[in-house]
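Below is one structure, written out as structure tokens, with a few remarks after it.
The values are calculated or read from the model by the stated rules, or taken from the named source; none is laboratory data. As the structure is a computational prediction, the values presented were derived from the model and not from experiment. Positions of Cβ are backbone-derived with ideal geometry, glycine not excepted, and every protein chain shown enters the neighbour counts.
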Amino acid sequence: MKAIAIGDMEAAEVALERILQVSDDPKKIVYFASYLADAGDEGGAQAVKEALENNPDLPISTFITGASALAQYYVVRDRESEGVEEVEKFILPRLEAEGVGDRDKARLNNQLSRMYYGASRYEDAQRVGIRAVDLAPDVTAYKFNLSLVYEARDLYDLAEQVVDEYMTQKSDETDSDHLGQAIDIYLKRDRHEDVRAAFSRLMQVDPAAAALKTMLNDELRSLVQ
């Protein structure tokens, strides 16, 4: 774990190889390999796949860690179209299994939605994204992801609705991606005061991201400068 924490991926890969050689504990393998897969490491992703395939009865928390890391691996690599069926293969049966709680189902549906979105399967992304939000309406990240899907489908009224929900729900929002999305949607809906408010908050939490947005968007620059 120390190698990963300091960004030494080569040392982390060596450590994973050692764990695979000496440990038959699938939970330990999944948790360590997931750190690597999450960072886009192919060896880590392969170890996660093998652990999920060979241990279908993993505890749901361990399974979610592995499945989420595998999805993130494909997102980081911009290979969602290639990996979506692989991720489906693991997640869909768990969604049908007994004893999986609503919040766990929400997390799994959100991962599927991210994969479908990256693979440009926007209708599928919307279907499971709505399911994630319905199962865990308090999680603003799921609403943010769903707003991206609506935007991709030119459903700006629905994108505006879920952006309003997460911005109201978390009045002290500090995630720069969430704030950036709010700015983009409010611009499209001509809500200029809300654009300024979201931009002001973005300036506080991530000045570099705010500066970049103004450089790339003439309309935004004219509103906030």
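Out of curiosity, is Val84 of a type in the set (A, V, I, L, M), modelled with pLDDT of 95 or more and not in a helix (DSSP H, G or I)? Judged against the criteria, Val84 is not a match. Kindly indicate whether Val100 is in a helix (DSSP H, G or I) and in contact (Cβ under 8 Å) with a residue 12 or more places away in the chain. No, not satisfied. Leu108 fails exactly one of the following numbered conditions: (1) in contact (Cβ under 8 Å) with a residue 40 or more places away in the chain; (2) surrounded by 14 or more Cβ atoms within 10 Å (Cβ to Cβ); (3) not in a helix (DSSP H, G or I). What is the number of that condition? Exception for Leu108: condition (3).
Restricting attention to region 161-184, the residues that are farther than 21 Å from Val128 by Cβ and in contact with a helix residue (DSSP H, G or I) (Cβ under 9 Å, 6 or more places away or on another chain) total 13. Here the condition is being under 26 Å from Asp57 (Cα atoms), touching a Lys or Arg at 6+ places or on another chain (Cβ under 8 Å), buried (at least 17 other Cβ atoms within 10 Å of the Cβ) and modelled with pLDDT of 75 or more; of Gly40, Gly44, it holds for Gly40 alone. Evaluate the following for Glu173: is it modelled with pLDDT under 95 and either surrounded by fewer than 20 Cβ atoms within 10 Å (Cβ to Cβ) or of a type outside the set (Val, Ile, Thr) (or both)? Yes: the conditions hold for Glu173.
When the residues of region 71-105 are filtered to those that are within 15 Å of the chain's Cα centre (by Cα) and among the hydroxyl-bearing types (Ser, Thr, Tyr), which remaining residue is surrounded by the most Cβ atoms within 10 Å (Cβ to Cβ)? That would be Tyr73. Can we say Tyr150 is touching a His at 6+ places or on another chain (Cβ under 8 Å), of a type outside the set (Lys, Arg) and in a helix (DSSP H, G or I)? So Tyr150 does not fit the description; no. For region 123-147, the set of residues classified as over 14 Å from the mean Cα position of the chain (by Cα), part of a helix (DSSP H, G or I) and surrounded by fewer than 19 Cβ atoms within 10 Å (Cβ to Cβ) consists of Glu123, Asp124, Arg127, Ile130, Asp134, listed by residue number. Evaluated against (1) surrounded by fewer than 24 Cβ atoms within 10 Å (Cβ to Cβ); (2) without any contact (Cβ under 8 Å) to a residue 40 or more places away in the chain, Ile64 falls short on exactly one condition, (2). Name the one entry in Ser171, Ser120 that is touching a residue at least 24 places away in the same chain (Cβ under 8 Å) and outside any helix (DSSP H, G or I). Answer to the selection: Ser120. Only one of the listed residues (Arg201, Arg153, Arg196) is outside the structural domain of Thr62 (by TED's automatic domain parsing), under 28 Å from Arg77 (Cβ atoms) and charged (D, E, K, R). That residue is Arg153. Could you grab me the full set of residues in region 176-201 that are surrounded by 16 or more Cβ atoms within 10 Å (Cβ to Cβ), over 20 Å from the mean Cα position of the chain (by Cα) and in a helix (DSSP H, G or I)? Tyr186, Leu187, Asp194, Val195, Ala197, Ala198, Phe199, Arg201 - these are the residues of region 176-201 that are surrounded by 16 or more Cβ atoms within 10 Å (Cβ to Cβ), over 20 Å from the mean Cα position of the chain (by Cα) and in a helix (DSSP H, G or I).
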